[in-house]
Each structure stands twice: as structure tokens, then as C-alpha cells.
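Heads up, the thing below is written out as C-alpha cells.
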Amino acid sequence: VALLVASDIDALCACKILQALFHCDQVQYTLVPVKGWQDLGTAFLEHKEQFKYFVLINCGANVDLLEMLQPDDDAVFFICDTHGFFLQLLSSHLQIKLLIKQDDDLGVPSYDDIFRDEEEEGDDSGNESDEGTEPSGKRRRYDEGAVERRIERQRAKREWEARRREILFDYEQYEYHGTSAAMMFFELAWVLTKDTKDMLWWAVIGLTDQSVHDKITHMKYITDIATMQRHVSRHNHRNEDEENSLSIDCMRISFEYDLRLTLYQHWSLYESICNSCYTSCNFKLWTLNGQKKLQEFLADMGLPLKQVKQKFNSMDMSIKENLRDVIEESSNKYGMKDIRIQTFGVHFGFKNRFLASDMVHSTAALLESTEKDESDGDNFIKALDSLSRSNLDRLNSGIDLAKKKLMAIQQTVASCICTNLILSQGPFLYCYLMEGTPDVKVFSKPVALTLLCKYLLKAFVHSTRNKRCKLLPLIMAAPKDVEKGTVIIVGIPPESETSDKKNFFGRAFEKAAESTSSRTLHDHFDSSIIELKMEDRSKFLDALITLLS
Amino acid sequence: MDPSEVEFLAEKETVKIIPNFSLDKIYLIGGDLGPFNPGLPVEVPVWLALNLKQRQKCRIVPPEWMDVEKLEEMRDLERREDTFTPAPCPYYMELTKLLLNYASDNIPKADEIRTLVKDIWDTRIAKLRLSADSFISQMEAHAKLDNLTLMEINTIRSFLLDSLNCMFKLRSNLQPGSSKAQFTDY
């Protein structure tokens, strides 16, 4: 079996669950991390001879895989992808098996709308050829009825084709995410009754990744959390009892209604408030006024500055006890109504307490770390290792990297807003990170750049007074490879309360690239992230403006 | 002998498990292992129990001696007596370590059991050290110790044998003449 896994946290978690299941049943497998379509193609070619079964996690469902890879007839693909899936795949159901949840609201059009039976086509052409080969003598008996029927059929067919094109266009122009892959694999494990707390924790991390990186709507997050909560209580009840209490080393997952401050338990409270997107945008911490407001906020809660700037674990117990409630009360006064969010925490041994979002940030930082001499494959393996319980020092180094990354994001956001780097280009906002910006290397990776993009948009929406600008989407460009002269471009949908997180930039980028024949690379699985040559930047943007207005 | 060898021998002990799969009787060189039916307890050797547990195919039932009250009694008895009392099980140390590492979620009050077993082990090793010390200092010719487990013997074996060898060499050098004693250096 060959496992081809995309490079995002959800895929990593799903991969770990699958690895554990394989371990139980002693199935041999080969793990191949892939970053984009090219990687997928090369990996497939390499392993085509040896393997018959391929499992693709978070990649491959939104293009015509058979066309692209041209596998042998007996290769079987199992695809589990949170991106929407390409409808043509439905017709080749023998070779490709998709794993999706049945009640997922994907808006998939019905089969009949898209595919017409082959026989009807044959009939049509058969009739036409019949009519055509009739000798000229019979033309006098040319039945008007037959012609009418033929015209009618052709018209119906054209209508059907037009409607099909429209449906496909509607379906394909938006890109969005479905249920987390990790959760689906956990459900699979549950059905096999091989689920363990480790697997449950990985599924929770996969779900939290989708929420942290803003890939799913809030409603969906809440429903998924409820599902996970059922599993968590099932696991907890199985083991805990008044008399037979569990060893302290066993892993305990608990449901927390915790604060939305990233990494606050591994950092000082002050730093965490400064560097979390939600609080920093609401306070507008890049302005002097914002800093003052923050001081007021802390004073309002009665937290001395000295305490708050200390590492969280060394804060006074009396402060820590009521921290969540105190913060919630005060933040309501300052207009931050949603400072608490439902999530899960894990707890094992005497020292180790982690929230799901902590692990997401740490693993993301490890996956995309830009230290020298680290290839992408290595980073993938390191990030994968950090997810298992026994590699705590990896996890802690990941948390340090995540702190640096968050601080870099915060500073970049502050500088972009203060120096007005965000320009309104008509139908969208645009921002370009110059090469000399500090920490710009961190943003040459897609996930980090997307996170920066989202923070920037939120901050911009909070800071601008222009009503129209608040509803615009944002496109961000950052230099990717200085030698080759490429930039990486990310587009995100506009910020709104009821956004359904559908992203139409994928199609838009493709069309703009075609029309200006710019040298682009649509390599990433998320089609809203592309690479572009620096010189083509301006004409590409112009094409986009004309396209979207 | 290496402690890992002692652990290997300990894995032959049987323990009760409750499998969640079904399999007919299997015939191995070491003996037969009864038919496995989901939900019904069956006795298997520890090596198999641990392997099945790691593949999540069974649940391990803690052995009878691994109980907080019984271990507390044994520990108190051990502290009162001067000689060795019968150990909970001939391989109690290894079994505790293996079962508590891999199957602690099936064993109630695992932390307390770990502490109690460690207490018993410490008391017994202290007694062993005392008796070895008196053996060497009083230069006895032979000694008899009951109720020692293989792990404890193994712990003291290399030290005791080496020290007795040294004593023997020292003693044998004393006899032929005191001049030679100067040239032996230990």
C-alpha cells in the first residue's frame, strides 16, 4: 500500500490515525509526503510498479486523477480529501473510491444532471448516419417528422449541455473544505472498534487545524465539536470510576471552554494577548491608543503587569484560578464577545497539559520551518513525530518555533497597516511583501502566508473606515524563491459574519494566467495558492482586476 | 545474566486476558493456547498478551496478587520479618513493569501499585545487601536464603561473586608466607 499525504496538519493527523490502524493489523505501507501536483505525479511514477493500492489523503480529489496519472487498470485509489471533488471521478467508480461523509452539505448536483447515458448518444448518431447514408433516391421520402424529432433532440441536448456547463461552473468556481480527513479516519477506526484515545486526540487536532486556519465555518466547527465530544465522553466513562481511578500517565482528553489566546499556557499572558489575532485586532495593538487600551484592560481585571509578563506557569495560583471568567467579563466590556471558544485539551503525566490549538500551531511551525539544511520531507517527518505522545521535546521545540512565527506575523501586520501597504485595486485588496521585510522567509510557505493573510484582513477590516473596503477579498504576494525570481500569491475571500468560506480565487487565477500567458505554477492542492514569476506580476494583476470587476 | 534475559523468562508466565476476536485453538511448541472467543477470559503467556494488547485485540485482567490491599499486607509483613517472606509471584518485578507500561489503563490504581511494589523490592534488596555484607565480613562458608526471586538473585549475583573471588585471592595469598602479601595489589 502506498500512502500519499498532502502537507497540511489535517492530513498529518489522518496519516497518524491510519498508521496506527495499519500497525494494529500489521499491514506494510510506504509513506510519501507530497506538496503539490508535480510531487504527486513523480511519487506516483516512482511507486507505480510496486504498489497496487494507493491511499491519497487531502489531495487528488479535485482534478481528473485518471487523466493526470494514467495508472494501470488494476491500480486502486482510495481518496479522502477535504477539498471538493471533481465530478468526473464519479463515472470511474471502479478504480477510484472516495471517502466522504454522507450528510455533508456539499451541494453536489445530481448524477443525472451531469452525465447522460451513453446509449442516447449512440442512438442519435446512429440515426443520423442512417439518414445520411440513404441513397439520394429516398430523399424524396424525407420525413418532416423525423427532421423535427431530430431538431428537437438536438435542441434538448444543447439545453442540457448548457445547463450542465452552468452547474459545473457554479460547482467548480468555488473552493471550500468539507469534513476533516482526520475525523473521517477516526470514524472509520470507531466502526472497526479499534479507536483509542490517541486517535481521538489526533482527530481533534485535525478538526482544530481547520478552525485555526479558517477553513470551515463556525457552525460546522460547532457541530463537529459536538460529535467529538460524544466520543470523548464515551472514552472517559469507560475508564474513570470512583474507586478505580486511572493512572496519572494515561492520557485524558477533556472538553474545555477555553480562551482564544494562542499558546497562552506556554507563554506569558501578556505576550499571548499581544500576539493572538482576535485580541490584537480588537484592541488595534499596532496603534498607541491600542496599547493604552490593553493596559486599561489588564488593570480592569486587576492583574498586575509584573505577573502578566511572567511565564504562565509561574503566575500566582490565585490569579490563575479564576482567569478565564475574569477575562471573559472584562473582554465583554471591551467589545470582544467571543473570547472563549469550545475546544479540547489533553492532559498526561504531571506536567503536560496541551490545548488542541497549541498542538496545531506547533506542528504547523515544524512542518514549515525555514531553518537551513532541512528538506521538506524531513520537516514532514519531524512534524509527524511531534504528534505522538513520546516526543515531547519535539513538541516543545515546535511551540518555540510557533511563538517566533506568531510574533513575526504580528509585526508584519502592524507594519503593513501602519505604512498602508494594503492597496485597494478595485474588486479586491492587494498587498505585497518586499524582499527586505524582516522574517519574509517565513512567509514563503503557503500555510504561514495564508495565516498572515487572514490576520491582515481582519486587522484591516478593524482599522479602516471605508465601508466598501471592508467587504473586499484580499490577495497577498510574497517572494518565494529569490534566485528563481518567483512570488507566491494567496487569495482569500472577504471577511464577513456569515461567510461560508468559499474561495473563488482558484478559477480566477487560472483564467487570468491564461489570458495574460504569465508563467505561473498551479502546483498547490489548494488552487487559491499559486507561484508566479516576478516580472509578470503587474500584468497578472491587471488581468485579475478586469476579470473580477 | 542480563536483566533483559530475566524479563524474557518472565514473559512465559500466564496472565488472563479478554480477547475481542475469535480464533480456534492454536498449537504451539510451548503448549496449546485455548480457543479465543470475544468476551470470554482465557489464559495466555504474557508475551502474547502484550502483543495482542498493543494491537488492541484484547483487554488484560490484572493478576490476583496485583491488588492494593494484598500488596500493602505483603509490604508490612516484609518490613516486620528479618528473613525473606514469600514473594507475591516468582517474577513480580518484571510483570509489574511490563503490565504497568503497556496496560496501565486496564489496571485500577496503577500508581499505588507501582509504589507498593517498589517498596517491597527496596525492602528485600536491603535485606539481601545486609546478609551479603554479614556473609563476607564473617567469612562464612555457605549460606541459605529462601524465597528469593530470580531478579533479585540476578541483581546481586555479579557483585557477590566478584567480591567472593577477591576474598578468596586475598586469603590464598596470606597462607604461603607474609612476604608475598606485599606484592599482591588489589
GluC sites (Glu not before Pro) within the stretch B:1-66: which are DSSP loop residues with at most 10 other Cβ atoms inside 10 Å? B:Glu64
Measuring from label point to label point, each 7 Å out along Cα→Cβ, what is the A:Arg230 to B:Phe159 span in nm? 5.9 nm
Please state the relative contact order of the stretch A:460-549 as a whole percent: Cα pairs under 8 Å, 6+ residues apart? 25 percent
Taking H placed 1.01 Å from N in the peptide plane, check which residues at least 5 places from B:Glu13 or on another chain put their amide H under 5 Å from its amide H. B:Val46
The stretch A:374-413 versus the stretch A:1-57: alpha-carbon centroid distance in Å: 22 Å
Name the residue, out of B:Ile18, B:Ile125, B:Ile136, whose mean-square fluctuation peaks in a Gaussian network model built on chain B with Cα pairs under 10 Å. B:Ile136
Going down the table (A:Lys309/A:Lys351; A:Lys382/B:Lys57; A:Lys337/A:Lys467; A:Lys197/A:Lys293; A:Lys197/B:Lys12; A:Lys333/A:Lys470), which pairs top 32 Å between alpha carbons? A:Lys197/A:Lys293
I'd like the mean, over residues of B:72-78, of how many other protein chain beta carbons sit within 10 Å of each residue's own Cβ. 0
Going by the alpha-carbon gyration tensor, a ≥ b ≥ c the square roots of its eigenvalues, is the stretch A:441-549 rounded (a/c under 1.5) or, if a/c is not under 1.5, prolate (a/b greater than b/c) versus oblate? prolate
A:Ala299-B:Arg129 FRET efficiency (beta carbon distance; Förster radius 56 Å; 0.05 resolution): 0.35
Around A:Phe443 (Cβ within 13 Å, Cβ-to-Cβ, excluding A:Phe443; K/R +1, D/E -1) the net charge comes to +2
With no solvent term and unit scatterers on the alpha-carbon positions of chain B, Debye gives log₁₀ I(q)/I(0) at q = 0.14 Å⁻¹ of -0.86
Assuming R0 = 30 Å, can you tell me the calculated FRET efficiency for the pair B:Leu174 and B:His142, based on Cβ-Cβ distance, to the nearest 0.05? 0.90
Value of Rg to Rh for the stretch A:292-433 (Rh from inverse mean 1/r over Cα pairs, i.e. Kirkwood): 1.03
Would you work out what percent of the accessible area of the stretch A:344-408, with all protein chains in place, is carbon or sulfur (probe 1.4 Å)? 49 percent
Hey, can you list the DSSP H helices of chain B whose Cα span along the axis is 20 Å or longer and whose average Kyte-Doolittle score is at least -0.5? B:110-137, B:150-174
What distance in nm separates the two pseudo spin-label positions at A:Leu423 and A:Asp25, each 7 Å out from Cα along the beta-carbon direction? 5.6 nm
Can you give the mean number of other chain Cβ atoms that lie within 10 Å of the Cβ atoms in peptide A:192-199? 1
How long is the gain from A:Glu483 to A:Met434 if the chain were fully straight, where each residue apart is worth 0.36 nm and the alpha carbon distance is subtracted? 16.1 nm
If a/c stays under 1.5 just call it rounded; otherwise compare a/b with b/c (prolate if a/b is bigger, oblate if not). Do that for the stretch A:1-71, with a ≥ b ≥ c from the square roots of the Cα gyration tensor eigenvalues. oblate
Averaged across B:53-60, how many Cβ atoms of other chains sit within 10 Å of each residue's Cβ atom? 3
Can you figure out the FRET efficiency of A:Thr223 with A:Asp338, using R₀ = 22 Å and their beta-carbon distance, to the nearest 0.05? 0.80
Any idea how far the Cα center of the stretch B:92-171 sits from the one of the stretch B:47-85, in Å? 17 Å
Any idea what the relative contact order of chain B is, in percent, if you count C-alpha pairs under 8 Å spaced at least 6 apart? 19 percent
Cα gyration tensor, the stretch A:467-528 - rounded (a/c under 1.5), prolate or oblate: prolate
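The values are calculated or read from the model by the stated rules, or taken from the named source; none is laboratory data. From a predicted model like this one, the values you see are computed outputs, not experimental measurements. Here the Cβ is made from the backbone with ideal geometry for all residues, glycine too, and neighbour counts use every protein chain on show. Note: areas computed on protein heavy atoms with side chains; ligands, DNA, RNA excluded. Shrake-Rupley method; radii C 1.70, N 1.55, O 1.52, S 1.80 Å.
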